[in-house]
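Q: Please read through the structure below; I'll follow up with questions.
The values are calculated or read from the model by the stated rules, or taken from the named source; none is laboratory data. None of these values were measured; they are calculated from a predicted model. So basically every Cβ, Gly included, is an ideal-geometry build from the backbone, and we count neighbours across all protein chains shown. Quick note on the areas: whole protein, heavy atoms, side chains included, nothing else; ligands and nucleic acids left out. Shrake-Rupley method; radii C 1.70, N 1.55, O 1.52, S 1.80 Å.
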Amino acid sequence: MRCKGARMELTLVQPDDWHLHLRDGELLQAVVPHSANHFGGANVMPNLKPPVTTTAAAVTSRESILKALPAGSNFNPLMTLYLTDTTSPDEIKLASSLTIFDLWARSSKVVFAIKLYPAGATTNSQEGVTDLLGKCSLVLEQMVEYNMPLLVHGEVTDPNVYVFDCRNTLHRHCFATFNPKASKVKSCDVAYHHHGCR
């Protein structure tokens, strides 16, 4: 950061991409080098076919990304797991415990966050969540315990919700989920992506 008189200037040398969609095969080979040329790392979204629902699948996907990188690249893919109605708290514990070491011998988690897709909201979201509190509350509690962020695909899939009320509906639902007075889920880091209605 530099100051030029009353003006401050911030230069981002190599930012991270906080929302990167990759696919498998030829598309992976084509996109990864471009991302690596512009970004130091990325939060990699898990809505592949099949989705990345386990830590083992995240490790395998990460290895495919690393193989697609140009020689000498320092790009760090931060993997996310796809939350489903059947994700187990043990999977969150496993995901939070697995670390890797980068080129500078710094440790970081292989799985950076958990991604919530409402079932049917977007590409490859058929296996997404149908009832966040009813089916995922134990997983959410485990995420809080292990400081694992939740990345929310912010589309409302209920056809009865008025299109201009989608954002408010989503916020009310998520705030009720993470309200310390009304929920066992005391606090969780949450980031929203793609606000809207389907």
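Q: Give the residues of region 13-24 that are open to solvent by 20 Å² or more (accessible area, probe 1.4 Å) and either modelled with pLDDT of 95 or more or touching a helix residue (DSSP H, G or I) at 6+ places or on another chain (Cβ under 9 Å) (or both), sorted by residue number.
A: 14, 15, 17, 21, 23, 24 - these are the residues of region 13-24 that are open to solvent by 20 Å² or more (accessible area, probe 1.4 Å) and either modelled with pLDDT of 95 or more or touching a helix residue (DSSP H, G or I) at 6+ places or on another chain (Cβ under 9 Å) (or both).
Q: Okay, moving on. Tell me whether region 81-97 contains one or more residues that are free of Cβ contacts under 8 Å to residues at least 40 places away in the same chain, on the phi < 0 side of the Ramachandran plot and part of a strand (DSSP E or B).
A: Within region 81-97, one or more residues are free of Cβ contacts under 8 Å to residues at least 40 places away in the same chain, on the phi < 0 side of the Ramachandran plot and part of a strand (DSSP E or B).
Q: If the requirement is being over 15 Å from the mean Cα position of the chain (by Cα) and within 18 Å of residue 126 (Cα to Cα), which of these qualifies: 67, 49?
A: Of the residues listed, the single one that is over 15 Å from the mean Cα position of the chain (by Cα) and within 18 Å of residue 126 (Cα to Cα) is 49.
Q: Now, a different point. Can you find, within region 111-129, the residue that is least open to solvent (accessible area, probe 1.4 Å) among those that are out of contact with any strand residue (DSSP E or B) (no Cβ under 8 Å at 6 or more places or on another chain) and on the phi < 0 side of the Ramachandran plot?
A: 123
Q: Condition check: part of a loop (DSSP other than H, G, I, E, B) and either under 30 Å from residue 133 (Cβ atoms) or of a type in the set (Val, Ile, Thr) (or both). Does residue 60 satisfy that?
A: no
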